[in-house]
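Colleague: Would you mind keeping the following structure in view while I ask a few things?
The values are calculated or read from the model by the stated rules, or taken from the named source; none is laboratory data. Not measured: the values here are computed from a predicted model. Heads up, the Cβs are rebuilt from the backbone with ideal geometry, glycines too, and the neighbour counts pull from every protein chain shown.
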Amino acid sequence: MQNFRNYYEILGITPEASSEEIKKAYRRLARKYHPDMNPGDKAAENRFKDIGEAYEVLSDPNKRGQYDDFSRFWNKKGFKRKTAKAVSFRNSIYNNGNSRNVAKEEDFSQFGDFNNFVEQLLGRRAARSTTVSGRYSNRFSSSETFRPGNTKTTYTVSPRPNRKDIEARLTLPLEKAYEGGRERIRLEDGRSLEVELPAGMIEGQRVRLKGQGIAGGDLFLKITVEPHPFFNLEESDIVCQLPITPAEAVLGEPIEVPTLDGTVKMNIPAGVRSGQRLRLAGKGYLTATGKRGDQLLEIQITVPQNPSPQVKELYKKLQEIEAFNPRLDLPV
C-alpha cells in the first residue's frame, strides 16, 4: 500500500479505541520518543513526528472518520484506477454538545498516494501532478492556459487552521509561586518551554503564554500552589505556628523566625501566651497591587519531651518557689 501509514498501529491501539485511550497512548509515546529525551537520534525524531501526525488525525472525530473511510477505500480492489469513484464517509457534526453523523460524498480516487490525502486532511499545502482529461475539475486552480490532456502541477491551498487556545496545569511550591522567575515546563504534547513567571502567583491563577497554543493560539497555565508545611496563606497574610520554650515565653527573648524572604529576628514579649498571635508587618504574600500582607505567628509553648536530669532538677526547684497557679480562677 503506497505510503500508507496505519495510525492505530503507530499509537499501539485498536481502531475501536476511545478518545481517552488515544490521548493516553500519545502521551506515553511522545514522552518516550521526544527529541529532548533522544538527542541526535534521527530514528526517534522521525518516530516522534509520526506519533504527532497520528494523534492529530485520530484525536479529531472528523479527521478520524475521513481517515477510516479512506483506509477502507484504499483496501478495495482497483483503488488505483484513474476513473473517479465517489466514496461515502461520515462526518461528525457537533451541535450544542450533541453529535450527529452526516453522510458526505468524497472522491478519494483523486489522491495519487496516501501522502496527498494526509496533506489535504491536515490542511497543508501540497504540490500535485494531475492528468486531467475532458472537463476541468474545479478542485484545482491555475493561471496557466488549460488544454485537455495536459499534465500539469497544481496546488491545493487549504484554509489556515483555526487558532485554538489551550490550557495546562502547572503545580509550584509556595516559594516559587511567591518569587516567580524563569521555569522550564514540559507539556503533555511533548514540548519543553522555558517561561518567565510573575511573582506572587496564587491558586487558580492563569498565566498566558502568547502564541504557544494551537495554530497560533495562546497557552494558559493554570497555577496550583502546593501546600507548605509551615506557611499557610490566608488571603494576603501568611499564618504559621511558632513553637517557643517555657523560658522564652516567661522571660521574652529575641528569636529567629522563618519568612518567605529568609530568617529574621523578632522580639518575643515577656509573658506571651500559647495561642496568642504576633504580627510581622509587611512579611506576608504579595497582593494584586504589589503590596505585602503580614505574617501572623501563632505562639505554641512547647515543653521538652526528654529533659536531662539537670533540667528536671531545675524545674523541681522552680516548682518549689513558684507561687503561680494557672488553675486558680477556673470557672467551676
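Colleague: Just the residues that are surrounded by 15 or more Cβ atoms within 10 Å (Cβ to Cβ) and of a type in the set (G, A, S), please, taken from segment 230-251.
Modeller: S236, A249
Colleague: Among the listed residues R163, R191, which satisfies the condition of being under 30 Å from M37 (Cβ atoms) and free of Cβ contacts under 8 Å to residues at least 40 places away in the same chain? Spell out how you get there, then give the answer.
Modeller: Working: R163 fails: free of Cβ contacts under 8 Å to residues at least 40 places away in the same chain.
Residue meeting the stated conditions: R191.
Colleague: Cβ-Cβ under 6 Å, sequence separation 6+ or interchain: first residue in segment 294-306 and in contact (Cβ under 8 Å) with a residue 40 or more places away in the chain, partner of a type in the set (V, I, T) and in a loop (DSSP other than H, G, I, E, B). Which pairs?
Modeller: Listed by first residue and then by second, the contacts come to I299/V272.
Colleague: A further question on this structure: Considering only segment 16-52, how many residues are over 24 Å from the mean Cα position of the chain (by Cα) and surrounded by 13 or more Cβ atoms within 10 Å (Cβ to Cβ)?
Modeller: 1
Colleague: Another one. What helices (runs of 4 or more DSSP H), lying completely within segment 1-74, carry at least 3 residues that are among the charged types (D, E, K, R)?
Modeller: 19-33, 42-58
Colleague: While we're looking at this one, here's another question. Given the conditions (1) over 14 Å from L122 (Cα atoms); (2) modelled with pLDDT of 85 or more, which single one is not true for L58?
Modeller: Here L58 meets the rest and fails (1).
Conditions tested, residue by residue: (1) in contact with a Ser or Thr (Cβ under 9 Å, 6 or more places away or on another chain); (2) modelled with pLDDT of 90 or more.
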{"site": "I13", "(1), (2)": "no, yes"}
{"site": "N38", "(1), (2)": "no, no"}
{"site": "K49", "(1), (2)": "no, no"}
{"site": "A54", "(1), (2)": "no, no"}
{"site": "K76", "(1), (2)": "no, no"}
{"site": "K82", "(1), (2)": "yes, no"}
{"site": "V102", "(1), (2)": "yes, no"}
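Colleague: Here's a follow-up. Consider only pairs whose beta carbons are under 6 Å apart and that are at least six residues apart or on different chains; among these, list those whose first residue lies in segment 253-264 and is at pLDDT below 90 and whose second residue is of a type in the set (D, E).
Modeller: Partner pairs satisfying both residue conditions: none exist.
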